[in-house]
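First up is the structure itself, then whatever we jot down about it.
The values are calculated or read from the model by the stated rules, or taken from the named source; none is laboratory data. Keep in mind the model is a prediction, meaning the values are calculated, not measured. Note that we place each Cβ from the backbone using ideal geometry, even for glycine, and neighbour counts take in every protein chain shown. Areas reflect the complete protein model, heavy atoms only, side chains present, ligands, DNA and RNA absent. Shrake-Rupley method; radii C 1.70, N 1.55, O 1.52, S 1.80 Å.
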Amino acid sequence: MDSFVNFFKKIPNKFASSAKELGKVQGIAIIAMLLALRVVLGMFANIGLAFNPYVKIGFTFLPMALVAYYFGPVCSMITACLGDVLSYVFAPAGASFTPGITAGYIIEACLLGIILYKEKISLPRTIICEVLGTLIGSLAINTYFIYMFYGLTYLQLLGLRAATLIPWAIIEGILVAVVVKALNRVPAISKNLSTT
């Protein structure tokens, strides 16, 4: 219980520390590269599913999780916003840009930053992080804005999307843990960026 309370006490410090990351040239350069990777993955690495046309799975979660882990919630929220807007500008998908969907991605990125930044990476932590972000950002919020385009009720669409997105979030959590642990074994990265 104490560790749970201590986790919540650290949240304001995580936001303050993350905001300071924006003042570091090296950090901004790395965030910009991860943002570019997020945009490219958002344009070219989304997979439509034949069995569930209401969901696309992709790999934009990976650069987003790296920004969240190394640079915190403020940086990850900015990256999520810019990444979604730039992906739409360069490769529009759908009838119009929907700010509500972008808000869902920003909230998801905020949760990633709060849970991962300055914390030890473990498989349970990354899985919980990705599942929680998916439940709140992709399912609760984004589904609301997506259902306006389909002839289904919100709850019908929520169920159809959850059946695919929750298992995919578990896979995302596993991949994030593997990639971060691998990157932290690289001396240049562990020396300059590691937060644990």
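Under the definition of Cα pairs under 8 Å and six or more residues apart, what whole-number percent is the relative contact order of the chain?
21
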Legend entry - region 120-196, relative contact order [Cα under 8 Å, separation at least 6], %: 45
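For region 41-89, rounded, prolate or oblate, judged on the Cα gyration tensor with a ≥ b ≥ c (square roots of eigenvalues), a/c < 1.5 rounded, else prolate if a/b > b/c?
Working: a/c = 2.87, a/b = 1.92, b/c = 1.49.
Prolate, because a/c is 1.5 or more and a/b exceeds b/c.
Can you pull the Kirkwood radius for the chain, inverse mean 1/r over Cα pairs, to one decimal in Å? Please list the in-between numbers first.
Values: mean 1/r = 0.0584 Å⁻¹.
Result for the chain, one decimal place: 17.1 Å.
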Legend entry - All Cα pairs of region 23-126, percent lying beyond 19 Å: 44
Inset, instruction - Only Lys, Arg, Asp and Glu count, each charged at its Cβ (+1, +1, -1, -1), so figure out the dipole size of the chain about its Cα centre, rounded to 20 debye. - result: 540
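First measure r as the distance between the Cβ atoms of residue 47 and residue 6, then evaluate 1/(1 + (r/R0)^6) with R0 = 45 Å and state the FRET efficiency to the nearest 0.05.
Details: r = 39 Å, r/R0 = 0.88.
E(calc), rounded to 0.05, equals 0.70.
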Legend entry - Whole-percent carbon and sulfur share, accessible surface of the chain, 1.4 Å: 72
Legend entry - region 14-125 - percent relative contact order, Cα under 8 Å, separation 6 or more: 31
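Identify the chymotrypsin sites (Phe, Trp or Tyr not before Pro) of region 112-196 meeting these criteria: DSSP loop state and at most 14 other C-beta atoms within 10 Å of the C-beta.
On the way: sites: 117, 144, 145, 147, 149, 150, 154, 168; in loops: 117, 150.
Passing both the DSSP loop test and the Cβ count: 150.
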Legend entry - Gyration tensor verdict on region 65-130 (Cα atoms; rounded if a/c is under 1.5, prolate if a/b is larger than b/c, oblate otherwise): prolate
Inset, instruction - Among 136, 155, 117, flag the residue with its Cα farthest along the positive direction of the charge dipole of the chain, charges on Cβ as +1 for Lys/Arg and -1 for Asp/Glu. - result: 117
Legend entry - Interchain or long-range residues, amide H under 5 Å from residue 55's placed H: 49
Inset, instruction - Among 24, 56, 120, determine the one that fluctuates most according to a GNM of the chain built with springs between C-alpha atoms less than 10 Å apart. - result: 24
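Would you mind getting the accessible area per residue of the chain, heavy atoms of the protein chains only, 1.4 Å probe, in Å²? Working shown, then result.
Details: 10050 Å² over 196 residues.
Here the residues of the chain average 51 Å² of exposed surface.
Given a Förster radius of 25 Å and the C-beta distance between residue 188 and residue 20 as r, what FRET efficiency does 1/(1 + (r/R0)^6) yield to the nearest 0.05? Before the final figure, lay out each step's value.
Numbers: r = 22 Å, r/R0 = 0.87.
The calculated FRET efficiency here is 0.70.
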Legend entry - Equivalent ellipsoid semi-axes - Cα gyration tensor, region 3-81, angstrom: 28, 18, 7
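Could you tell me which helices of the chain pass both thresholds, a Cα extent of 18 Å or more along their own axis and a mean Kyte-Doolittle hydropathy of at least 0.0, with helices taken as whole DSSP H runs? If you can, show how the numbers build up before the last one.
Values: long enough: 2-21 (28 Å, -0.51); 25-44 (28 Å, 2.22); 61-90 (27 Å, 1.51); 99-116 (25 Å, 1.76); 154-184 (42 Å, 1.49).
Helices passing the filter in the chain: 25-44, 61-90, 99-116, 154-184.
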